Structures are given as C-alpha cells and as structure tokens.
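Colleague: Starting off with a structure, shown below.
What follows is calculated from the coordinates using simple rules that are stated; it is not laboratory data. None of these values were measured; they are calculated from a predicted model. Backbone-built Cβ (ideal geometry, glycine too); neighbour counts: all protein chains shown.
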Amino acid sequence: MNKNQAKRAGLQRRKRRVRAKVFGTAERPRLSVHRTNANIYAQVIDDQDSKTICSASTLSPEFKALGKVGSNKEAAEFVGKLVGARAVAKGVTEVTFDRGGFLYHGRVQALADGARAAGLKF
C-alpha cells in the first residue's frame, strides 16, 4: 500500500467511525462536510428519508460571484454561513455535525463556526 492509499484508507476508517455515531433525523438533520484540496462542500441531510435538505459549496454561484479561492478558511466560513442560512430558511435550526473523518480543525472548524453564526445550533 502506497502513501496515498494509506491516507485514503485512514480517512475512510475515521469516516466510518464518525458515521456509526451520527444519524440525521427530520427534527435534527446531519450537517455533513467534505473537503478537498481545492473546495469544501456542506450538506444538511435527513437520513430517515434519505433526502438532502440543502447544500452549499465553494462551487456555488454565490461564492463564485465573490471571485475568491475555495481552499482557505475564509471560503469555508462563507460556505458555512451560506448552508446555515439555507437551512434556517427551510425551517432547520438544530443539526448534528458530521465532520466526515476530517479533523475538527482549520477549514472544517471555520465552516462550523460560519454555520453557527448563521443560526444553526449543534
């Protein structure tokens, strides 16, 4: 197993461990975060009905209109505020946070702080 395969396997292992404990319901959906080197993505998911309530990413038109890069903490915070505002508009105020195997640090933490600033509780 080469270095990249080992990193990917570790991420999948951590993701499975987190997902075993985190489940989204209609009353308290799951805020799922995925991060790549270039972008960050967030979704609010109801796992009981297998439906995505809302989503946002650095590929969204609102973010692209700013003309900034999608791989820094400021971008992650903007995405958090965007997904938080969309969730509150759909009537969701409480979520469970699914960090998706990523450490709660840096861009993932900035996204969570942005979602909290937009009115989500977790």
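Colleague: Could you list all residues from the stretch 76-98 that are within 20 Å of Thr58 (Cβ to Cβ), in contact with a Lys or Arg (Cβ under 6 Å, 6 or more places away or on another chain) and not charged (D, E, K, R)?
Modeller: Ala76
Colleague: Within the stretch 84-114, can you find the residues that are touching a residue at least 40 places away in the same chain (Cβ under 8 Å), outside any loop (DSSP other than H, G, I, E, B) and under 18 Å from Thr25 (Cβ atoms)?
Modeller: Ala87, Glu94, Thr96, Phe97, Asp98
Colleague: Go through the stretch 4-33 and count every residue that is among the charged types (D, E, K, R) and either part of a loop (DSSP other than H, G, I, E, B) or more than 24 Å from Ala56 (Cβ to Cβ) (or both).
Modeller: Number satisfying all stated conditions: 8.
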